[in-house]
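Chemist: One structure, as structure tokens, below. Some questions next.
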């Protein structure tokens, strides 16, 4: 593959997964949109630097999530960002009906009350990653991931139901 073909392939992959990259950046930081774009660029640079290491043993989205996650964790460490200050508000979302939008707001609010580790697992699950893929990213066995996601869903249900609203996950 020529360098131009490699660059074109990389650009296509980044465009296809832009929403995922932005979501991970927003999940790990508490900053405005301008800073979020800077962090997005940092993540894209890290993805480019490790692009040659992706061998296709996992889905491309798993690799993207993993590299972006580690980039944000390194950012948090180097800038001494408190993990509890993660903002879900900047996360991009799809358009939805009013009822769906209300439910998404409730889930986002509940997510902001979870630990960063639980939030990480749940967001990956919501993005459609299976237990094996999530385990690869966070270093857990698939069975452990399944148990933790079940517990997280119960926590979210409890948070939302304590607010007087019902939700099904």
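The values are calculated or read from the model by the stated rules, or taken from the named source; none is laboratory data. Since this is a predicted model, take the numbers as computed values, not measurements. Ideal geometry is used to build each Cβ from the backbone, glycine not excepted, and the neighbour counts take in all protein chains shown.
Chemist: Going by what's in this entry, would residue 18 be described as surrounded by fewer than 17 Cβ atoms within 10 Å (Cβ to Cβ), at pLDDT 90 or above and under 14 Å from the mean Cα position of the chain (by Cα)?
Modeler: yes
Chemist: On to the next question. If residue 84 passes every condition in (1) modelled with pLDDT of 80 or more; (2) in a helix (DSSP H, G or I); (3) not assigned by TED's automatic domain parsing to the domain that holds residue 150 but one, which one does it miss?
Modeler: The single condition residue 84 does not satisfy is (1).
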